[in-house]
Amino acid sequence: MIPESVARVADDIKAMRVRGASRIAKAAAEALLLAAREYRGGSVEDFSRYMVSVGRLLVSTRPTAVSLPNAVRYVLAALRGGFSSVEEARAAVEKRCEQLASYIDRAVERIAEIGSGVLRSGDVVLTHCNSVAAVSVLVRAQQKGRAVRVYATETRPKFQGLVTYRMLSEAGVDVTLIPDSAVRSVMREVDKVIVGADAVAANGAVVNKIGTSLIALAASERGVDFYVAAETYKFSPYTVVGELVVIEERSPSEVVEESFIRAHPRLAVRNPSFDVTAPEYITAIITEVGLIPPTAAAIVLEEVYGSGPVSGEPLLWSPEEDAAL
Ligand code: RI2
């Protein structure tokens, strides 16, 4: 039985009350920690099976941000040690949850430091949606006395740009909100684009909030540098073996009012949440391990994930699968 507190976190991720690739990864780690702490009784095998079912529930909430399965896999890998009691297994899970949360904080901190190095005082920077990693770069530049001026897209249909506006203005950054459709018009004033990522594929393609690839086109047209701020846990080991990143399609009710949908029963609406920007449009990816060209994504994947999923490791480990190996 999955505890109610854990199911609530899963629901928050699904409904986007918790959103943003790194926040989702952190929330998943917190949910796994909660689940481990709330487990009562049973054998080590039962505990492992229970934790895997919690992991599966979390991974099923949103399909695109690869930080989610990467976080769950990282935590559940703790269960591969041989344990003599549930207490021992629980402690191993707790340790990994804490390690992951602290890694996420340190990675964002490094990205802020490395990314702020590409900005010059007075730069006009355009950003899209709300990315903690991208915002951290902009705020760090400001703190270092290299004040930039930012255009933040409102980001329909969920308006995450308003969150970006709030975060930047609270940090004292000069930020102007624009409708998504104004991107090409303002691009003539823009020196650099910095966005976040939900997934980075082995070929260096970046999956990010819908509209990102149009921004990349507009930037390319004017020769504007296009940077992506992405921690290595957003790199998708599954793409190494040819898996495609699933693009989440969300409810039409995020695009138009329910009443409009009811009044127009034949209305067709598409609401893809993400799109893919090809590596040719990306100047560099700002990661916690350095500023890398998108073509180096496969090297990062090899270094971070080794031969894990590449050699056919299941997406989500389960005790049964382990026994079958
Ligand atoms: P950080 C968000 O997705 C945006 O696409 C953003 O660029 C990306 O996650 C990364 O965000 P959504 O959850 O991890 O709003 O940098 O659909 O915060």
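So for the pair F260, D191, with labels modelled 7 Å out along Cα→Cβ, what separation do we get in nm?
It works out to 3.9 nm between the two label points.
Could you tell me how many degrees, from 0 to 90 and to the nearest 10, lie between the Cα long axis of helix 4-14 and the main elongation axis, the longest principal axis, of the Cα atoms of the chain?
30 degrees
Multiply the residue gap between I2 and L214 by 0.36 nm, knock off their C-alpha separation, and tell me the result in nm, one decimal place.
72.2 nm
Using only the alpha carbons, work out the radius of gyration and Dmax of the stretch 29-151 in angstrom.
According to the Cα coordinates of the stretch 29-151, Rg and Dmax are 19.4, 61 Å.
Relative to the longest principal axis of the chain, what angle (0 to 90°, nearest 10) does the C-alpha long axis of helix 67-76 take?
20 degrees
Report, in deg cm²/dmol and to the nearest 500, the calculated mean residue ellipticity at 222 nm for the chain, where each DSSP H run with n ≥ 4 adds -39500 (n - 2.57) and the sum is divided by the residue count.
-13500 deg cm²/dmol
For the stretch 127-143, what does the Karplus curve 6.51 cos²θ - 1.76 cosθ + 1.60, with θ = phi - 60°, yield as ³J(HN,Hα) per residue in whole Hz, taken in order and with x for Gly and Pro?
Per residue, the Karplus-derived 3J(HN,Hα) values read 10, 10, 6, 9, 10, 4, 5, 5, 4, 4, 5, 5, 5, 5, 4, 4, 5 Hz.
Compute the normalised compactness of the stretch 180-290: alpha-carbon radius of gyration over 2.2 N^0.38 Å, N being the residue count.
Against the empirical 2.2 N^0.38 Å value, I get 1.25 for the stretch 180-290.
Label points 7 Å out from Cα along the Cβ direction at L267 and A101: separation in nm?
4.1 nm
Can you tell me the 0 to 90 degree angle between the C-alpha axis of helix 161-170 and the longest principal axis of the chain, rounded to 10?
80 degrees
Where in the stretch 1-24 does the amide nitrogen come within less than 20 Å of the point 7 Å from the Cα of V246, taken along Cα to Cβ?
It comes to 7-24, nothing else.
Can you tell me the length gained on complete extension of the stretch R49 to S181, counting 0.36 nm per residue apart and subtracting the Cα distance?
Fully extending the segment from R49 to S181 adds 42.7 nm.
Where does the chain land on the Kirkwood hydrodynamic radius, alpha-carbon pairs, in angstrom?
Taking the inverse mean of 1/r over all distinct Cα pairs, the chain comes out at 20.6 Å.
What whole-number value in cubic angstrom gives the convex hull volume per residue for the C-alpha atoms of the stretch 152-227?
Dividing the Cα hull volume of the stretch 152-227 by its residue count gives 97 Å³.
For the pair A15 and A77, how long in nm is the line joining their label points, each one 7 Å along Cα→Cβ?
3.4 nm
Past 22 Å, Cα to Cα: identify those pairs from K14/K95; K26/K144; K26/K192; K144/K192; K14/K209; K26/K209, in the order given.
As for pairs spanning more than 22 Å Cα to Cα, those are K14/K95; K26/K144; K26/K192.
Could you derive backbone 3J(HN,Hα) for the stretch 184-199 from the dihedral phi with the Karplus parameters 6.51, -1.76 and 1.60 (θ = phi - 60°), listing whole Hz in sequence and x where the residue is Gly or Pro?
Couplings: 5, 5, 7, 4, 5, 9, 8, 9, 8, 10, 10, 10, x, 8, 9, 7 Hz.
Values in this text are rule-based calculations from the coordinates and carry no lab data. No experiment lies behind these values; they were computed from the predicted model shown. FYI the Cβ positions are ideal-geometry reconstructions off the backbone, even for glycines, and counts take in every protein chain you see.
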